[in-house]
Amino acid sequence: VDQIYHLASPASPPNYMYNPIKTLKTNTIGTLNMLGLAKRVGARLLLASTSEVYGDPEVHPQNEDYWGHVNPIGPRACYDEGKRVAETMCYAYMKQEGVEVRVARIFNTFGPRMHMNDGRVVSNFILQALQGEALTVYGPGTQTRAFQYVSDLVNGLVALMNSNVSSPVNLGNPEEHTILEFAQLIKKLVGSESEIQFLSEAQDDPQKRKPDIRKAKLLLGWEPVVPLEEGLNKAIHYFRKELEYQANNQYIPKPKPARMKKGRTRHN
């Protein structure tokens, strides 16, 4: 093994809040396992960290030198602090054991093949708009996010892995939109008549999120190239096809074949 991309972790708030212990274990024990493997085989490890290490930021836009503003006991802490300690582990292994590490702080990303019910804002809005349901906005919708298309992120991860940059690097799109603007844009692209419904604000929901990507531009020669609307149209096309497929094909589970072991058939 030459390179390890450590991407494991629930990433959508409903998923990681549903099982905070598993989220913490994945980001702590899982990261230790990967760092141990990297040490043993002499591999370089890339950690998929997150913009959530900045918490609800008091600095805008967020650059890699900002230490963050995180509630360590809030509902998002299992993910935020899990990723923060994963970064700490990477640099401890680099300092003490000489393991080569790369740390990508990933901002909101979307694209085809997202899980339809993962509870993140892009998939929520697209699904709701396609099904004629109300688009649910938490709080006033003035909180901002910056969305990058998946192919841009993949290019950034590969560039970072193959670079000589061992300190954390932001990977995201600096084009900032409010959640309300984003809901209206998806409504327009889908051609939906859905209403926008305002719900109570989520606890510890970051109010501003925008990456400073000067470091990635300077050291990796990387920046996002896919325009937001182009990426959204691809994601909407995928979701539309998935909904049609589900409507036309009811899933019928198939029996598992018997497994062979040591010359004997194992029956269920």
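The values are calculated or read from the model by the stated rules, or taken from the named source; none is laboratory data. Please read these numbers as outputs of a predicted model, since none were measured by experiment. Neighbour counts are summed over all protein chains in view; Cβ atoms, including those assigned to glycine, are modelled from backbone coordinates with ideal geometry. Areas reflect the complete protein model, heavy atoms only, side chains present, ligands, DNA and RNA absent. Shrake-Rupley method; radii C 1.70, N 1.55, O 1.52, S 1.80 Å.
Collect the residues in region 185-222 that are under 11 Å from Phe125 (Cβ atoms) and not in a loop (DSSP other than H, G, I, E, B), keeping them in residue-number order.
Let us first name the residues in region 185-222 that are under 11 Å from Phe125 (Cβ atoms), namely 185-187, 189-190, 192, 194, 196.
Correct list: Leu185, Ile186, Lys187, Leu189, Val190, Ile196.
Being among the polar types (S, T, N, Q), modelled with pLDDT under 95 and open to solvent by less than 80 Å² (accessible area, probe 1.4 Å) holds for only one residue in Gln246, Gln207, and it is Gln207.
How many residues, within region 150-175, are open to solvent by 60 Å² or more (accessible area, probe 1.4 Å) and either over 17 Å from the mean Cα position of the chain (by Cα) or charged (D, E, K, R) (or both)? Give the steps one after another, and end with the answer.
Just the residues of region 150-175 that are open to solvent by 60 Å² or more (accessible area, probe 1.4 Å), to begin with: 154-155, 158, 162, 164, 175.
From what is left, the residues that are either over 17 Å from the mean Cα position of the chain (by Cα) or charged (D, E, K, R) (or both) are 162, 164, 175.
Of the residues in region 150-175, 3 are open to solvent by 60 Å² or more (accessible area, probe 1.4 Å) and either over 17 Å from the mean Cα position of the chain (by Cα) or charged (D, E, K, R) (or both).
Considering (1) crowded, with 20+ Cβ neighbours inside 10 Å; (2) in a helix (DSSP H, G or I), say which one Tyr91 fails and leave the rest. Going through (1) crowded, with 20+ Cβ neighbours inside 10 Å; (2) in a helix (DSSP H, G or I) one by one, Tyr91 breaks only (1). Of all residue pairs spaced 6 or more apart or on separate chains, those with beta-carbon atoms under 8 Å, a first member in region 207-225 that is charged (D, E, K, R) and a second member that is assigned to a helix (DSSP H, G or I) and open to solvent by 60 Å² or more (accessible area, probe 1.4 Å) are Glu223/Lys217.
Among the candidates Ser49, Ser123, single out the residue that is of a type in the set (S, T, N, Q), at pLDDT below 95, in contact with a strand residue (DSSP E or B) (Cβ under 9 Å, 6 or more places away or on another chain) and not in a loop (DSSP other than H, G, I, E, B). Spell out the reasoning first.
Working: Ser49 fails: at pLDDT below 95.
The match here is Ser123.
Just one of Ala146, Ala129 is surrounded by 15 or more Cβ atoms within 10 Å (Cβ to Cβ), more than 28 Å from Arg84 (Cβ to Cβ) and not charged (D, E, K, R); which is it? If you could, list the steps in order and put the result at the bottom.
On the way: Ala146 fails: more than 28 Å from Arg84 (Cβ to Cβ).
The conditions single out Ala129.
For region 94-118, filtered to residues that are closer than 18 Å to His237 by Cβ and in contact with a strand residue (DSSP E or B) (Cβ under 6 Å, 6 or more places away or on another chain), the residue that is most open to solvent (accessible area, probe 1.4 Å) is Thr109.
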